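Just so it is clear, none of the values below were taken in a lab; they were calculated from the coordinates. Just so we're clear, the structure is a prediction, and the values are computed from it rather than from any experiment. Here the Cβ positions follow ideal geometry from the backbone for every residue, glycine too, while neighbour counts run over all protein chains shown.
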Amino acid sequence: MTKLFIRKARIQDVKQIHALLMHCARSEFLLPRSYNQLYSHLRDFFVLAEHDAPGIRGCCALSICWEDIAEIRSLAVNEDIQKQGWGGKLVEACLSDAVTLGIFRVFTLTYRPHFFERLGFVPVEKEKLPQKVWADCINCPKFPECDENALIMEM
């Protein structure tokens, strides 16, 4: 069995991250991301990588929205290794990154609220996240009829 570990994403990972996110987007687990978005925000991403192979098995990003708030986004884990705790570990890597940066409020928009609630996030009204709405949501094809759940963690 291949050993897995979490690390910051590298430029060589973008095509695999894109493929993973597009697969999840087709299943309507998350919103798709373009190559342009991935290259522009590569430094936001952590990946679940294989020690002895070039494969990416999962990813998650921490996107800074404003001076005091960031977003967990693009969380995806290959179906064959789900329910093994890797999603939570990817989120924890992003939360640790937020604390390192001095950001202590982190939110997410998700179709899987129970997963994030188990990690300590609590539901929040989307209206409480104005930076997010004007930064990204305005360009989303689902705006203004967003069907994702908003959750926040204050550390």
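Between the alpha-carbon centres of the stretch 79-109 and the stretch 25-49 there is a gap of 14 Å.
The label-point distance for PHE29 and ILE81, in a model that sets each label 7 Å from Cα toward Cβ, rounds to 1.3 nm. Over the chain, Cα pairs under 8 Å with separation of 6+ residues give a relative contact order of 20 percent. With contacts taken as Cα pairs under 8 Å at a separation of at least 6 residues, the stretch 40-113 carries a relative contact order of 29 percent. Taken one residue at a time, the phi angles of the stretch 9-21 give Karplus couplings (6.51, -1.76, 1.60, θ = phi - 60°) of 5, 10, 4, 5, 7, 4, 5, 6, 4, 4, 4, 5, 5 Hz. Gly and Pro are set to x.
Kindly express, to the nearest 10 degrees and within the range 0 to 90, the angle between helix 86-101's C-alpha long axis and the longest C-alpha principal axis of the chain. Roughly 60 degrees, rounded to the nearest 10.
Ranked for footprinting exposure by Cβ neighbours inside 10 Å, fewest first, ASP97, ASP68, ASP13 give ASP68, ASP97, ASP13. When the listed pairs LYS15/LYS83; LYS3/LYS83; LYS8/LYS83; LYS15/LYS89; LYS15/LYS126 are checked against a 26 Å cut-off, the alpha-carbon distance exceeds it for LYS15/LYS126.
Shown for TRP66, TRP86: other C-beta atoms within 10 Å of each C-beta, ranked fewest to most, produce the order TRP66, TRP86.
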